[in-house]
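Peer 1: Handing you a structure now.
What follows is calculated from the coordinates using simple rules that are stated; it is not laboratory data. Please read these numbers as outputs of a predicted model, since none were measured by experiment. Glycine gets a Cβ as well: all are built from the backbone with ideal geometry, and neighbour counts include every protein chain shown.
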Amino acid sequence: MRKFWIDFKKFILRGNVLDLAVAIIVGAAFNSVVQSLVKNIMTPLIGALFGKPNFSDLQLTLGKCTTTSTGAKACAGTVMYGSFITDLVNFLIIGFSVFIIVKTFESLQNLRKTSPADEQPDLTVDQELLTEIRDLLAARTES
């Protein structure tokens, strides 16, 4: 039993497990940001452009409808295609939002890689000659 706990401790303290835990937590936080972007910014914009941000009330009734004793309308064979359209639009908005965020992040990473501090300064003529001499001497000693 003691060996089991030692092996479990090694497993939990591995870098992969900790990295996975951090990735899940950051992913959940990122999901909250994306959901908020869709719900609070993108959906109202779609509503302003198209007049209707939610299509969930669109449906096709295939059977006969009756009114229950509570006053609710019950229909047999109702196809809720509006909910599907709403979910599809939300999926496309989320996909587009994630695409924009990832592209922005990649652009920032590329700017970081090509910063002027990382570039080699221009060499003077003397420095170029000394570099060539060094390379020739290194090649001669290797031969």
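Peer 1: What length, rounded to one decimal in nm, is gained on full extension from N54 through to D122, with 0.36 nm per residue of separation minus their alpha-carbon distance?
Peer 2: Between N54 and D122, full extension yields 18.5 nm more.
Peer 1: With a 10 Å cut-off between alpha carbons and a GNM built on the chain, which of L13, L58, L108 moves the most?
Peer 2: Ranking L13, L58, L108 by mean-square fluctuation puts L13 first.
Peer 1: Follow-up. Averaging sequence separations of C-alpha pairs under 8 Å and six or more residues apart, then dividing by the length of the chain, give the relative contact order as a whole percent. Could you put the intermediate results ahead of the total?
Peer 2: Values: 71 pairs, mean separation 22.9, N = 143.
Contact order relative to length: 16 percent.
Peer 1: Please identify, among K39, K113, K64, the residue showing maximal mean-square fluctuation in a Gaussian network model of the chain using a 10 angstrom Cα cutoff.
Peer 2: Among K39, K113, K64, the largest GNM mean-square fluctuation belongs to K64.
Peer 1: Further question on the same structure: Tell me the Kirkwood hydrodynamic radius of region 5-143 in angstroms, computed as one over the mean inverse distance between distinct C-alpha pairs.
Peer 2: Value: 22.5 Å, from the Cα pair sum.
Peer 1: Put +1 on the Cβ of each Lys and Arg and -1 on the Cβ of each Asp and Glu in the chain; which of L130, F55, F91 then has its Cα farthest toward the positive end of the dipole?
Peer 2: After comparing all options, I get F55.
Peer 1: Report the percentage of all Cα-Cα pairs in region 1-70 whose separation exceeds 20 Å, rounded to a whole percent.
Peer 2: Of all Cα-Cα pairs in region 1-70, 67 percent lie more than 20 Å apart.
Peer 1: Which one, I6, V26, A72, projects farthest toward the positive side of the charge dipole computed for region 1-112 from Cβ point charges (K/R +1, D/E -1)?
Peer 2: The residue sitting most towards the positive pole is I6.
Peer 1: Could you tell me the calculated FRET efficiency between T70 and N31, based on Cβ-Cβ distance and R0 = 35 angstrom, to the nearest 0.05?
Peer 2: Efficiency, from the Cβ-Cβ distance: 0.40.
Peer 1: Now a separate question. Out of Q35, Q109, Q127, any idea which swings most in a Gaussian network model of the chain, alpha carbons joined below 10 Å?
Peer 2: Highest fluctuation of the listed residues: Q127.
Peer 1: Run through all the Cα pairs of region 71-115 and give the fraction in each 10 Å bin from 0, expressed as whole percent.
Peer 2: 22, 24, 19, 15, 11, 6, 2
Peer 1: Which FRET efficiency value, to the nearest 0.05, do you get for F99 and L20 by plugging their Cβ-Cβ distance into 1/(1 + (r/R0)^6) with R0 = 25 Å?
Peer 2: Working: r = 24 Å, r/R0 = 0.97.
It comes out at approximately 0.55.
Peer 1: What are the membrane-span-like helices in the chain by this rule: whole DSSP H runs, Cα extent along the axis at least 30 Å, mean Kyte-Doolittle hydropathy at least -1.0? If you can, show how the numbers build up before the last one.
Peer 2: On the way: long enough: 15-37 (32 Å, 1.52); 81-113 (48 Å, 0.87).
Qualifying helices, which must be both long enough and hydrophobic enough, are 15-37, 81-113.
Peer 1: Here's a follow-up. Between L45 and L111, what's the calculated FRET efficiency when r is the beta-carbon distance and R0 is 25 Å? Round to 0.05. Walk me through the intermediate numbers first.
Peer 2: Details: r = 29 Å, r/R0 = 1.14.
E between L45 and L111, to the nearest 0.05, is 0.30.
Peer 1: When the chain is fully extended, how far beyond the present Cα-Cα distance does T61 get from I133, taking 0.36 nm per residue of separation?
Peer 2: This chain segment gains 17.2 nm when fully extended.
Peer 1: Do the sum for the chain: with -39,500 (n - 2.57) for every DSSP H run of n ≥ 4, divided by all residues, what is the mean residue ellipticity at 222 nm, to the nearest 500 deg cm²/dmol? Could you put the intermediate results ahead of the total?
Peer 2: Details: 5 runs with 93 residues, N = 143.
Mean residue ellipticity at 222 nm (helix-derived): -22000 deg cm²/dmol.
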